[in-house]
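Only the coordinates and a few stated rules stand behind these numbers; no lab work does. This structure is a prediction, so every number in the text was calculated from the model and none was measured. Counting neighbours? That spans all protein chains shown, and the Cβs are built from the backbone with ideal geometry, glycine included.
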Amino acid sequence: MSRFGITMIVAGVLLLGMPAFSQSEEGSRSEVSAQFFGKFVHSSNKDGVQQSSSNSGGILAAYRFFFSRHHGIEANYSYSRSTATYSFDSGTSGVGANRHEWSGAYVLRFPIRSVTPFFLAGAGGLTFAPLNSPGASTQTRAAFVYGAGANVNMTHHVFIKAQYRGFVYNSPTFNLAANRGADRVTHLAEPSVGLGVRF
């Protein structure tokens, strides 16, 4: 993603919150945020097959709505790129892909004067779209999502958001015959930081 595109997303998040700056923090029920993240996938070795994925970075956009001071829900979309690799006795199979995430989660927060810690748990999907890999096809995997983090207030409505999210899912095989049956339950760690606006 270009620097211009990333700049436009961050600027859009800030502009969305401009009309709400006159509200009080207690009256704010919605939050939008944009974050940069690192993506680290756990490697596994089972039945002679080693599965791994390259580490990479990406961008995450999120919307939260709170029903009360402590309880809310969130919707997320993220984008990144990586290469999934399977190592067999006969050789190695690697596929570069765009990764798209759509997820939703329950959020439990604990507002304090300048910091708001939170915890989350939910579910979603990870779509892996192969890049220039003959025979490979797009594949979506269901995922369990959990995490924790904190918002650090800069003003009543603008905050820095830092969080960790974890995903548990089946690794993609891209429906390649060579990878059939080689998918494994794996774990993705995703620390991130960015800016948000509440309104």
Tell me which of F37, S133, V197 sits at the most positive position along the dipole axis of the range 3-198, charges placed on C-beta atoms (Lys, Arg +1; Asp, Glu -1).
V197
Exposed-site-free run, longest, the chain (rule: GluC sites (Glu not before Pro); DSSP loop; at most 15 other C-beta within 10 Å):
27-199
Could you work out the per residue convex hull volume over the alpha carbons of the range 139-199, in cubic angstrom?
99
Enter the angle in degrees (range 0 to 90, nearest 10) between the Cα long axis of helix 3-16 and the first principal axis of the Cα atoms of the chain, meaning the one along which they spread out most.
40
How large is Rg/Rh for the chain, to two decimals, with Cα atoms and a Kirkwood Rh?
1.04
Want the number for V115 to T140: 0.36 nm per residue separation, take away the alpha-carbon distance, what's left?
5.4 nm
Highest-first arrangement of 149-155, 164-170, where packing means the average Cβ count within 10 Å:
164-170, 149-155
Please go through the range 96-151 and write out the trypsin sites (Lys or Arg not before Pro) that DSSP classes as loop and that have at most 15 other C-beta atoms within 10 Å.
R113
Ordered by number, the chymotrypsin sites (Phe, Trp or Tyr not before Pro) in the range 32-75 that occupy a DSSP loop and have at most 16 other Cβ atoms within 10 Å are F67
